[in-house]
Structures are given as C-alpha cells and as structure tokens.
Amino acid sequence: MTSSRFATIAHDLRERIALGEFGDVGALDSESQLCARYAVSRPTVRRALEVLRDEGLVESRHGAGWFVTGSAFHQRLALGSFRHAASAVAEAGKTIDRHVVDFGYRPAPLSLAGSLGIDEGTEVLFARSLRTVDGDGLDVVREWVPADLAGPVSRDAATRPGIWETLTRHGHRIATVRQVVTAGLASAEDAELLGVAPGDALLLVRRFAADPTGRVLALSDHRYLAQRFALEVEFSSGPSGSAAATAEPTGIHAVPSPQARQPHTKEHIA
C-alpha cells in the first residue's frame with residue numbers, strides 16, 4: 001500500500017508542477033503540509049519527493065524545503081475568441097450534462113491562493129463536477145472562485161448554467177482566458193467518476209478567467225478523457241508566407257465514444 005501511495009503522490013505532484021501551480025522555480029508545499037494533504041507519513045512523502053528529484057523536477061534546499069527546478073515548457077499562443085466546448089458537442093448532435101458532486105466553501109491552499117491573487121487561507125468556493133455526453137464520462141471539472149465573488153453561485157447555478165456563466169450574468173466580465181495544457185493519468189477518484197480504469201490517459205487543462213483589470217475571477221481544472229478530446233491549433237501565414245505572430249483561436253475536437261463515433265468537430269476550447 002505504501003509503495004503504491006508514494007507513486008500516486010509523485011504523480012499528483014508532477015501534474016501540479018506541469019500545470020504551473022508552483023511557478024517555474026517555486027517552493028512546493030512543506031513536507032508536513034504534504035503529509036496532511038495526502039494523509040500519509042513523512043517517509044512516504046519523502047520517497048515521493050525523492051522520485052521527483054531523481055527525475056530532475058525538484059530539489060531539496062537545506063532548511064528551506066523542496067523547490068521546483070524546472071517546470072514544463074510553456075509556449076504562448078496568440079489570443080483568439082472564447083467559446084464553450086458544449087457547442088462542439090452540440091454540433092455533433094449530442095448534449096453535455098453536468099452533475100455537481102462537491103460544493104462548498106473552504107480555505108484556499110497556498111499554491112492556489114497565489115494563482116487566484118488572494119492570501120493563503122482566504123475562503124474560496126470549491127465545486128467538483130462530472131460532465132457526461134449521452135451518459136458517457138467526458139471530464140471531471142474542479143473550480144475555485146474567491147468567496148467575495150461567489151455569492152450568486154448556488155449549487156443549482158453551478159450545474160446550469162455553470163459558474164463562469166453565472167458570474168458573467170451578475171456583472172463580472174470575463175475579458176481574458178489563460179490556459180495551461182498537459183498530460184495526466186486518471187486517479188482512483190477520477191476513474192470512479194469517469195467509469196474508466198485508474199491510470200487511463202487524461203488531457204489536463206487549467207483555465208484562468210480574468211476581468212478587464214486582470215483580476216482572476218475563477219480558476220478551473222478540466223480532466224478530460226484523452227480518447228474523447230484532442231486539441232488543435234491553426235496558425236495563419238504572414239505576409240511573406242511564414243507563420244504570423246497572430247494565430248487563429250486554439251481549437252478543440254469533441255470525440256464521441258466508440259459506440260457512437262462521428263466525425264471530429266473543431267471548436268474553441270472551453
């Protein structure tokens with residue numbers, strides 16, 4: 001049990017590093033915080049950290065803790081328009097349904113507090129949802145909203161029309177959306193919700209919605225089944241025929257299940 005547990009912790013930390021949760025060279029949670037987060041002993045946490053150190057992802061600094069030595073390379077893409085992935089599914093003749101499985105307020109952990117621009121321990125609204133297409137799992141979504149903005153968001157509103165749309169309807173304009181994309185594996189928790197085996201491939205997308213002042217209104221993590229979603233980016237050519245500095249919007253393919261496979265449909269990420 002211990003051996004599998006340290007491997008699970010190492011994998012989760014890899015995902016968090018790849019998603020930029022700790023910054024390029026930022027400090028990880030302390031060993032005691034990691035013990036509490038994963039409900040394990042210190043030797044188990046240290047073994048997981050040592051695995052990441054051997055992979056060149058983290059290093060230990062005496063008296064200071066563990067630090068990221070180099071996260072995934074991030075290539076910035078030009079901004080495009082933003083639309084919801086549900087429209088891609090709709091064009092394939094299908095419908096996305098959302099079931100909220102967790103909803104409530106909790107203190108923001110240090111790693112996410114920085115991303116949200118708030119102090120550690122500040123209360124945030126957290127929601128975790130399963131999205132399905134014709135009854136088949138599509139993705140698990142985890143969302144965080146600062147408590148001072150989350151008043152209009154009820155559990156019902158998180159289900160439909162959704163947290164971001166609810167914020168927009170109550171006067172919070174989403175001016176920009178930034179996202180980080182990486183690969184991952186389904187945890188036991190993901191697998192149970194999505195109806196797949198632990199370790200199945202996932203496409204991980206972390207999205208930040210900001211208002212015109214740059215304040216982050218909401219942060220969301222989408223854990224898509226890799227066999228059901230693919231990302232596509234198209235670049236327009238410049239005057240000389242070379243790739244231009246501006247690109248067409250990032251696109252998304254909604255891939256139906258094998259039982260009801262249809263042609264891929266390109267759509268903007270959401």
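The values are calculated or read from the model by the stated rules, or taken from the named source; none is laboratory data. Please read these numbers as outputs of a predicted model, since none were measured by experiment. Positions of Cβ are generated from backbone atoms using ideal geometry, with glycine treated the same way; all protein chains shown enter the neighbour counts.
Structure summary
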{"item": "Test: residue in segment 166-173 that is modelled with pLDDT under 95 and crowded, with 16+ Cβ neighbours inside 10 Å", "result": "no"}
{"item": "Selection from segment 23-46 of residues that are part of a helix (DSSP H, G or I) and crowded, with 19+ Cβ neighbours inside 10 Å", "result": "Leu34, Thr44, Val45"}
{"item": "Residues satisfying the stated conditions in segment 115-132, i.e. under 29 Å from Ala226 (Cα atoms) and in contact (Cβ under 8 Å) with a residue 40 or more places away in the chain", "result": "Ser115, Leu116, Leu130"}
{"item": "Selection status of Val180, in contact with a strand residue (DSSP E or B) (Cβ under 8 Å, 6 or more places away or on another chain) and surrounded by fewer than 18 Cβ atoms within 10 Å (Cβ to Cβ)", "result": "yes"}
{"item": "Residue among Ala188, Ala230 that alone is among the small types (Gly, Ala, Ser) and modelled with pLDDT of 90 or more", "result": "Ala188"}
{"item": "Single match in Val89, Val100, Val124 (criterion: at pLDDT 80 or above, more than 26 Å from Leu13 (Cβ to Cβ) and not assigned by TED's automatic domain parsing to the domain that holds Gly20)", "result": "Val100"}
{"item": "Some residue of segment 145-159 being closer than 30 Å to Trp66 by Cβ, outside any loop (DSSP other than H, G, I, E, B) and of a type outside the set (Asp, Glu)", "result": "yes"}
{"item": "Residue identified as modelled with pLDDT of 95 or more, farther than 26 Å from Glu91 by Cα and more than 17 Å from the chain's Cα centre (by Cα) among Pro212, Pro198", "result": "Pro212"}
{"item": "Residue selected from segment 215-229 under the condition within 16 Å of the chain's Cα centre (by Cα) and not aliphatic (A, V, I, L, M), by the criterion farthest from Val145 (Cα to Cα)", "result": "Phe229"}
{"item": "Condition check for Arg207: assigned to a loop (DSSP other than H, G, I, E, B) and of a type in the set (D, E, K, R)", "result": "no"}
{"item": "Restricting segment 12-22 to residues that are touching a helix residue (DSSP H, G or I) at 6+ places or on another chain (Cβ under 9 Å) and part of a loop (DSSP other than H, G, I, E, B), the residue that is farthest from Ala64 (Cα to Cα)", "result": "Gly20"}
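So that you can scan it fast, the table gives a plain yes or no per residue for (1) surrounded by fewer than 20 Cβ atoms within 10 Å (Cβ to Cβ); (2) on the phi > 0 side of the Ramachandran plot; (3) touching a Leu at 6+ places or on another chain (Cβ under 8 Å):
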| position | (1), (2), (3) |
| --- | --- |
| Arg106 | yes, no, no |
| Ala113 | yes, no, no |
| Gly121 | yes, yes, no |
| Leu125 | no, no, no |
| Asp136 | yes, no, no |
| Glu143 | no, no, yes |
| Gly151 | yes, no, no |
| Ser154 | yes, no, no |
| Gly162 | no, yes, no |
